[in-house]
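Take a look at the structure set out below.
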There are 2 protein chains.
Amino acid sequence: MKELLEANDRLAGDNRAYFASRHVLAVNLMGSPGSGKTTLISAIAKELGGIPVGVVEGDIASSIDAENLEKQGIRSSQINTCGECHLDSRVIRDGADQVDLKNGILFIENVGNLICPAEFDLGENVRLLAASVPEGDDKPYKYVPMFSYADAVVLTKCDLKEAVGFDSGRFEKGLRAVSQAPVFEVGLKSGRQPQGVKTVADYLRKKYDALKKA
Amino acid sequence: MKELLEANDRLAGDNRAYFASRHVLAVNLMGSPGSGKTTLISAIAKELGGIPVGVVEGDIASSIDAENLEKQGIRSSQINTCGECHLDSRVIRDGADQVDLKNGILFIENVGNLICPAEFDLGENVRLLAASVPEGDDKPYKYVPMFSYADAVVLTKCDLKEAVGFDSGRFEKGLRAVSQAPVFEVGLKSGRQPQGVKTVADYLRKKYDALKKA
């Protein structure tokens with residue numbers, strides 16, 4: 001396992017150089033199954049006004065997500081991990097080559113898993129975690145490695161807070177025990193809190209602008 | 001990885017013999033983070049009328065779930081996997097020894113993960129999958145190993161079907177492509193479809209009675 005992680009980290013360095021040479025901001029988007037990662041990507045893409053967007057889609061099976069994104073005009077490649085529970089640096093490079101993005105933001109949608117992806121650096125610039133309200137307010141207490149790994153947290157499906165009895169204070173307290181990451185709240189189905197998506201897009205645009213200047 | 005799985009399978013055989021010698025039906029309960037596994041266990045326990053129940057709780061961190069179950073009078077032991085993404089046969093034996101159940105049903109609540117636990121036989125008699133409605137109706141298409149591994153599926157949080165636009169037909173079609181497992185629908189927060197829990201309890205009671213007779 002140690003050797004595997006070391007090999008991954010070396011390739012992550014290569015990916016980082018590859019993204020930099022193309023002026024690409026790479027965003028590793030992680031989260032549980034059904035936390036709303038694909039929906040979030042298409043919503044953010046609409047708010048990025050003009051910045052080219054590409055997606056590398058990771059799944060253990062199926063190409064449902066990449067097909068949906070392509071229908072919306074978002075350039076995507078699908079990586080099937082054949083049962084593997086995370087993406088690693090090696091497969092990312094293949095996926096990125098297929099998307100062939102320059103001067104833009106590349107989302108890497110990781111496999112739905114709140115544990116294993118936090119061990120694999122992909123050479124990304126930003127680690128974004130989609131945590132959904134129905135998963136519960138206790139998740140930061142239980143999935144510490146992931147919540148401390150993320151640079152920013154997007155709390156999705158906020159329109160369901162009342163229906164599932166989500167305690168925002170409890171969530172915040174658990175998160176703050178392990179992380180200083182900003183939290184963006186979104187609720188896309190109902191159209192409530194769509195401004196949250198704009199805030200995530202602004203956050204990423206700033207990172208992208210800084211990278212272009214560097 | 002192959003050696004690790006072989007070692008696990010040998011210990012799974014030992015666990016199976018251990019459970020049989022104690023007339024214990026072991027239920028490996030799997031599902032995504034926040035799919036409602038702990039809530040389901042306490043609801044089923046109430047419907048099992050008289051059959052002793054114990055729980056081995058798996059989590060990568062915290063003892064929130066075991067504490068909650070103990071408060072409800074359900075004998076529990078907590079296993080922290082220290083970051084590991086699944087339970088394996090070795091840790092199960094320690095947890096089961098702590099609970100020290102005889103003539104009853106032992107729930108093994110696996111780590112919240114829709115991928116990795118499907119590779120590790122724990123010596124259980126029944127593999128139960130909690131899949132929650134907010135995770136989406138596309139999950140059987142994407143998480144094929146887990147959906148084909150389960151003996152029975154409990155669809156939780158069914159009271160949210162309308163709010164999240166869950167298509168039962170699509171879910172069923174995806175599941176039937178890989179499995180003949182029965183599906184039990186429950187919705188515990190709203191009190192709608194509580195009869196679903198009774199059906200799960202009946203299903204487990206039958207398995208337990210068969211084991212006692214064997």
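Values in this text are rule-based calculations from the coordinates and carry no lab data. Keep in mind the model is a prediction, meaning the values are calculated, not measured. Positions of Cβ are backbone-derived with ideal geometry, glycine not excepted, and every protein chain shown enters the neighbour counts.
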Assess whether residue A:103 counts as being within 14 Å of another protein chain (Cβ to nearest Cβ) and either over 22 Å from residue B:114 (Cβ atoms) or within 14 Å of the chain's Cα centre (by Cα) (or both). no
Specify which of the listed residues (A:186, A:144, A:133) is surrounded by 19 or more Cβ atoms within 10 Å (Cβ to Cβ), in contact with a helix residue (DSSP H, G or I) (Cβ under 7 Å, 6 or more places away or on another chain) and within 23 Å of residue B:111 (Cα to Cα). A:133
Qualifying position, being of a type in the set (A, V, I, L, M, F, W, C), within 29 Å of residue B:83 (Cβ to Cβ) and surrounded by fewer than 23 Cβ atoms within 10 Å (Cβ to Cβ), among A:210, A:163, A:177, A:214: A:177
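Scan the range A:79-100 for residues that are within 12 Å of chain B (Cβ to nearest Cβ) and either touching a residue at least 24 places away in the same chain (Cβ under 8 Å) or of a type in the set (Phe, Trp, Tyr) (or both) and jot them down.
A:81, A:84, A:85, A:86, listed by residue number.
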Note on residue B:17: of the conditions (1) assigned to a helix (DSSP H, G or I); (2) under 20 Å from residue B:153 (Cα atoms), unmet is (2)
I'm checking my understanding of the structure. Among residues of the range A:176-214 that are aromatic (Phe, Trp, Tyr) and part of a helix (DSSP H, G or I), which one is nearest to the other protein chains (Cβ to nearest Cβ)? A:203
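So which of A:120, A:166, A:107 is aromatic (Phe, Trp, Tyr), under 22 Å from residue A:205 (Cβ atoms) and in contact (Cβ under 8 Å) with a residue 24 or more places away in the chain?
Checking each option against the conditions leaves just A:107.
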Give me a count of the residues in the range A:18-67 that are without any contact (Cβ under 8 Å) to a residue 60 or more places away in the chain, within 19 Å of residue A:87 (Cβ to Cβ) and not hydrophobic (A, V, I, L, M, F, W, C). 8
Residue B:165 fails exactly one of the following numbered conditions: (1) of a type outside the set (Lys, Arg); (2) within 14 Å of another protein chain (Cβ to nearest Cβ); (3) at negative phi. What is the number of that condition? (3)
Please go through the range A:118-158 and pick out each residue that is among the charged types (D, E, K, R), within 11 Å of chain B (Cβ to nearest Cβ) and farther than 16 Å from residue B:135 by Cβ. A:119, A:137, A:138, A:142
If you scan the range B:43-80, which residues turn out to be over 22 Å from residue B:113 (Cα atoms), of a type outside the set (Asp, Glu) and in a helix (DSSP H, G or I)? B:45, B:46, B:71
How about the range B:16-63: which of its residues are among the charged types (D, E, K, R) and either more than 11 Å from the chain's Cα centre (by Cα) or under 19 Å from residue B:184 (Cα atoms) (or both)? B:16, B:22, B:37, B:46, B:47, B:59
